[in-house]
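First comes the structure, then the notes that go with it.
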Amino acid sequence: MATRPPVFSTLTASFSPSPPHLLRRLQTLTRALASSSPQPMASSPPLKKVLVPIANGTEPMEAVITIDVLRRAGADVAVASVEPGAAQVAASWGVKLAADALLADLAEADFDLISLPGGMPGASTFRDCKILENIVKKHAEKGKLYAAVCAAPAVALGAWGLLNGLKATCHPSVMDKLPSEVQAVESRVQIDGNCVTSRGPGTTMEYSVVLVEQLYGKEKADEVAGPMVMRPQHGAEFSMKELNSTSWNVGENPQVCIVHYENLIIPHSFDLFLCHRVAINVILGETIQVSSTTH
């Protein structure tokens with residue numbers, strides 16, 4: 001008599017797992033839509049939900065750094081493609097970025113922060129995307145935090161009227177595209193009310209840590225910035241600390257002896273030029289012959 005296989009074995013054999021990227025999209029969509037529904041009271045603070053849209057031509061550093069830093073802080077970041085039907089986008093510099101979901105699927109979701117990366121034509125695609133415009137405008141009307149970096153402040157937020165009456169910055173190449181209603185500044189990161197703007201890939205780390213501070217407070221921002229060896233103060237200039245300091249006392253007119261080695265192709269003209277630039281007296285030593293044979 002044949003033995004009937006256990007039910008769980010039958011189910012396991014007939015189950016075909018979904019591709020990982022489809023599972024990620026489903027998980028992201030489920031979390032985002034769940035945030036719009038009433039949640040039971042919990043003892044721990046609610047999870048911060050963030051939307052980072054991406055498009056063809058998005059600056060990859062600005063997208064990835066923002067996503068990474070916010071996730072380090074514990075935020076639930078949904079990466080959404082604004083390209084219709086395309087979960088993968090061709091970012092700048094030949095980099096491909098995979099989204100967690102399509103933006104259209106998150107149109108009714110609720111977020112604590114929306115951050116727009118820059119890059120062209122990505123920022124222009126953001127500007128022309130009515131779904132994204134409606135999402136960001138409704139978000140801003142609720143008094144929630146919104147942000148953009150590089151070209152996105154001028155090209156997208158500025159075009160939607162979301163920077164009017166505010167201080168804002170953007171990439172130097174598009175400063176002239178900020179509307180006249182905006183008070184343009186050249187800060188590396190600018191905060192005005194619920195809006196945060198920044199300048200480009202080189203300022204995105206500071207920008208991202210500022211977003212963490214706006215969402216969670218300074219203590220969390222410092223906690224995230226520390227292991228990344230960030231600057232002690234956001235926006236502070238680079239500084240150098242000499243670990244093995246040495247005091248050089250050479251008087252008012254230091255002298256340097258430069259010896260010419262015959263058979264070695266070493267251009268001394270640069271040495272002479274540099275020494276004369278800093279008012280050093282140069283003494284040319286006699287020629288020393290050096291054998292080309294090495295031991």
Report summary line: Per its Cα gyration tensor (rounded if a/c is under 1.5, else prolate when a/b beats b/c, else oblate), the stretch 49-228 is best filed as rounded
Query - Label-zone membership for the stretch 135-176, site E186, 7 angstrom Cα→C-beta point, backbone N under 17 Å - result: 150, 168-176
Query - Other-chain or far-sequence residues with amide H under 5 Å of T58's (modelled H) - result: S92, G122
Report summary line: HN-Hα couplings for the stretch 62-74 via Karplus (6.51, -1.76, 1.60; θ = phi - 60°), in whole Hz with x for Gly/Pro, come out as 5, 6, 5, 4, 4, 4, 4, 5, 5, 5, 4, 6, x
**Report entry** Sites A104 and N164 - FRET efficiency at Förster radius 25 Å, r taken between beta-carbons, to 0.05
**Finding:** 0.35
Report task. Output the peptides 180-191, 118-129 sorted from most to least packed, where packing is the average of other Cβ atoms within 10 Å over each peptide's residues. Result -> 118-129, 180-191
Report summary line: A 1.4 Å probe over the protein heavy atoms gives the stretch 49-228 a carbon and sulfur accessible-area percentage of 50 percent
Query raised in the report: Any idea of the accessible area per residue across the stretch 49-228, 1.4 Å probe, to the nearest Å²?
Result: 39 Å²
Query raised in the report: Which of the lysines could be linked to K220 by a straight reach, that is with a Cα gap under 22 Å, when you skip same-chain ones fewer than 8 residues away?
Result: K48, K49, K144
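The values are calculated or read from the model by the stated rules, or taken from the named source; none is laboratory data. Since the structure is predicted, the reported quantities are computational estimates derived from the model, not experimental observations. Positions of Cβ are backbone-derived with ideal geometry, glycine not excepted, and every protein chain shown enters the neighbour counts. Calculation scope for accessible area: heavy atoms of the full protein, side chains included, ligands and nucleic acids excluded. Shrake-Rupley method; radii C 1.70, N 1.55, O 1.52, S 1.80 Å.
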